[in-house]
Amino acid sequence: MRQAILSGALVCVLLPAAACKIVPNPDPNDQSEALASQTDEARMAAYADANWETKVLPVIAEHRVEYDIWRQALSQGLDAAGEAHGLRPEGEANPWNFVVSGTGTVTEAKLDSRAAKMQVDMDGDGAADVVLQLGPIIRGTAMRDAMPFVVFTDFRDQIEFAKLARAMNERASDGLTRPEGDVMGHTVSFTGVFTLRAAGDTPEVVPVEIEMGAAP
Amino acid sequence: MSITRRLFVSGLAITAVLPTVRAARAQGKGLIAIITPSHDNPFFKAEAVGAEARARELGYETLVLVHDDDPNKQSEMFDTAIARGAVAIICDNAGADASVAPVRRAKEAGIPSFLIDREIKESGIAISQIVSNNYQGAQLGAEEFVALMGEEGPYVELLGREADTNAGIRSAGYHDIIDQYPDLQMVAQQSANWSQTEGYEKMETILQANPGIKGVICGNDTMAMGAWAALEAAGRTDVIVVGFDGSNDVRDSILAGGIKATVLQPAYRQAQLAVEQADEYLRTGSTGQPEKQLMDCVLITPDNAARLETFALADAS
């Protein structure tokens, strides 16, 4: 026992020398020192929280476009719609993200899943035009990539950056009043963000706001 | 006047010390060093070939070096590039932490670095870090894997080399999708260090302990090739294997009904883009792009595998 303690103490004495490594000084202007001890998940969740009201929601308000107008723009091609209404990070081959609001009718719903979803018909033809991702598990990185203030260079690596995407998805999902029961045929109004890689793809919207309407 | 003289004198010094480089610079725009892991993996070969071809097109001489994922070797190669008076370094690095120092050394010697495929742990010392969107790509691969598995069954994950950020990020992307399906159970998760041989050996051992496995998801294509060879040798071609990279080997396996899917990283284009940004930077002082850039990956299945060649997907016609 004593030997263990002794050798433990020895290791403590020797380790700093052996594992000598130059690390940059933490920036005293932020809480990075306190934040450094957190896991990536916790730190990115805090980042998403801290910026939600002050930065994320204003971006959404500024770039929001009505679904019909967006659809019209898309008929001119994805890049034309992107130039007119889209957001995307700089760099080659980054897909467009859009902020869209609209009202439609639920044609299909899977609410008892960790990745809850509703399919919504937007033009009254009975076929689903968009998918609303209600979470808590949400696919993709649209929420993150639509934000002009989020720059990959500012993050340690792809792992941290991926955790940020997930934290922002979860923040969006947390803010929703999730519909319950039978929602088939109900109207739903939403505002949300999605990535579109090809004009023919179905938007998989990450809503920041949904409101269920009247029953059929 | 004195500046001109000093330039002339240092020009003389360079001429004396490095006659070969001097000759090269006289004809072109200078020397670009291209440093990658071993060309045994066709992915890295494609990077080197892509970068070299673009550099020559743009009028540069090239120096192609291989660090074999050894940080010490890489460090020496940066010193070689510095000593040879390279105007830029294109590098797929040998470790996120270990590569910070040589990139900084190059910067201090006035040589800009343009990193591809793998990030380093610091920003502000390389000019560009262009990496595949591994998280997005891994999610694509995982979604296909889940569908192929019918959302259920025991599976194995082969991880890449631990020191490499890409190993962690792909695994995170896989699990963000797969873990949503409670009927998919991971029975083994081991690193095969990106290696085909290790992929084969690990798969052999895992298969003995877990004969009931239904699928294997791999952090890269070479490990997928190794795993598939082991499964074939054991007569287990029913096991679903999914890779990551988009190599010609895995393409051929997909077309022959072996491995089921992979995720293409646009490695060839990425290397060319890095050279283009180096050229832009050398001519204008800026690449016009943020330092860290992501490039989206593409799912490869039997539907589009035939259009894949050397880490580039031809347009559908």
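Brief remarks on what is shown
- Region B:245-295, residues that are away from every other protein chain (no Cβ under 14 Å), within 16 Å of the chain's Cα centre (by Cα) and in a loop (DSSP other than H, G, I, E, B): B:G246, B:S247
- Which listed residue is in a strand (DSSP E or B), at pLDDT 95 or above, within 15 Å of the chain's Cα centre (by Cα) and away from every other protein chain (no Cβ under 14 Å), from A:V193, A:V188: A:V193
- Candidates B:S75, B:S123, B:S132 - the one that is under 19 Å from the mean Cα position of the chain (by Cα), among the small types (G, A, S) and crowded, with 20+ Cβ neighbours inside 10 Å: B:S132
- Of all the criteria given as (1) more than 10 Å from chain A (Cβ to nearest Cβ); (2) in a loop (DSSP other than H, G, I, E, B); (3) among the hydrophobic types (A, V, I, L, M, F, W, C); (4) under 21 Å from B:Q265 (Cα atoms), the one not satisfied by B:I125 is (4).
- Among the residues listed as B:D117, B:D176, the single one being more than 11 Å from every other protein chain (Cβ to nearest Cβ) and closer than 23 Å to A:F161 by Cα: B:D117
- Within region A:193-210, being acidic (D, E) and touching a residue at least 24 places away in the same chain (Cβ under 8 Å) holds for A:E204, A:E209.
- Residues considered: B:A142, B:A138. Of these, the only one that is within 23 Å of B:Q270 (Cβ to Cβ), assigned to a helix (DSSP H, G or I) and either over 16 Å from the mean Cα position of the chain (by Cα) or away from chain A (no Cβ under 14 Å) (or both) is B:A142.
- Residue within region A:36-50 that is under 30 Å from B:Q272 (Cβ atoms) and in a loop (DSSP other than H, G, I, E, B) present: no
- When residues of region A:111-127 are limited to those that are assigned to a strand (DSSP E or B) and under 18 Å from the mean Cα position of the chain (by Cα), the one modelled with the lowest pLDDT: A:A115
- Number of the condition not met by B:A163 [criteria: (1) assigned to a loop (DSSP other than H, G, I, E, B); (2) modelled with pLDDT of 95 or more; (3) in contact with a Gly (Cβ under 6 Å, 6 or more places away or on another chain)]: (2)
- Selection from region B:145-167 of residues that are under 21 Å from the mean Cα position of the chain (by Cα) and within 14 Å of chain A (Cβ to nearest Cβ): B:L159, B:G160, B:E162, B:A163, B:D164, B:T165, B:N166, B:A167
- Which numbered condition B:D92 misses (of (1) within 14 Å of chain A (Cβ to nearest Cβ); (2) closer than 16 Å to B:M295 by Cα): (1)
- Among the conditions (1) within 23 Å of B:L294 (Cβ to Cβ); (2) more than 10 Å from every other protein chain (Cβ to nearest Cβ), the only one that A:F152 does not satisfy is (2).
- Tally, over region A:128-158, of residues that are assigned to a helix (DSSP H, G or I) and buried (at least 22 other Cβ atoms within 10 Å of the Cβ): 6
- Of everything listed in (1) touching a helix residue (DSSP H, G or I) at 6+ places or on another chain (Cβ under 9 Å); (2) within 14 Å of chain B (Cβ to nearest Cβ); (3) not aromatic (F, W, Y), the single unmet condition for A:A115 is (1).
- Qualifying residue in region B:79-98 (condition: in a helix (DSSP H, G or I) and of a type outside the set (A, V, I, L, M)): yes
- One residue from B:V216, B:V187 being buried (at least 21 other Cβ atoms within 10 Å of the Cβ) and of a type in the set (V, I, T): B:V216
- Residues of region B:186-225 satisfying the condition of being part of a helix (DSSP H, G or I), within 18 Å of B:G153 (Cα to Cα) and without any contact (Cβ under 8 Å) to a residue 24 or more places away in the chain: B:Q208, B:A209
- For region B:168-184, the criterion of a residue being within 23 Å of the chain's Cα centre (by Cα) and in a loop (DSSP other than H, G, I, E, B) is satisfied by no position.
- Scanning region B:53-88 for residues that are within 24 Å of B:T310 (Cβ to Cβ) and touching a residue at least 60 places away in the same chain (Cβ under 8 Å) yields B:A53, B:R54, B:A55, B:L58, B:Y60, B:D69, B:A88.
- If you go through region A:64-90 and pick out every residue that is surrounded by 18 or more Cβ atoms within 10 Å (Cβ to Cβ) and either in a helix (DSSP H, G or I) or within 14 Å of chain B (Cβ to nearest Cβ) (or both), you end up with 9.
The values are calculated or read from the model by the stated rules, or taken from the named source; none is laboratory data. Nothing here was measured: the structure is a model prediction, and the numbers come from that model. Glycine also receives a Cβ, built like all others from the backbone with ideal geometry; neighbour counts cover every protein chain displayed.
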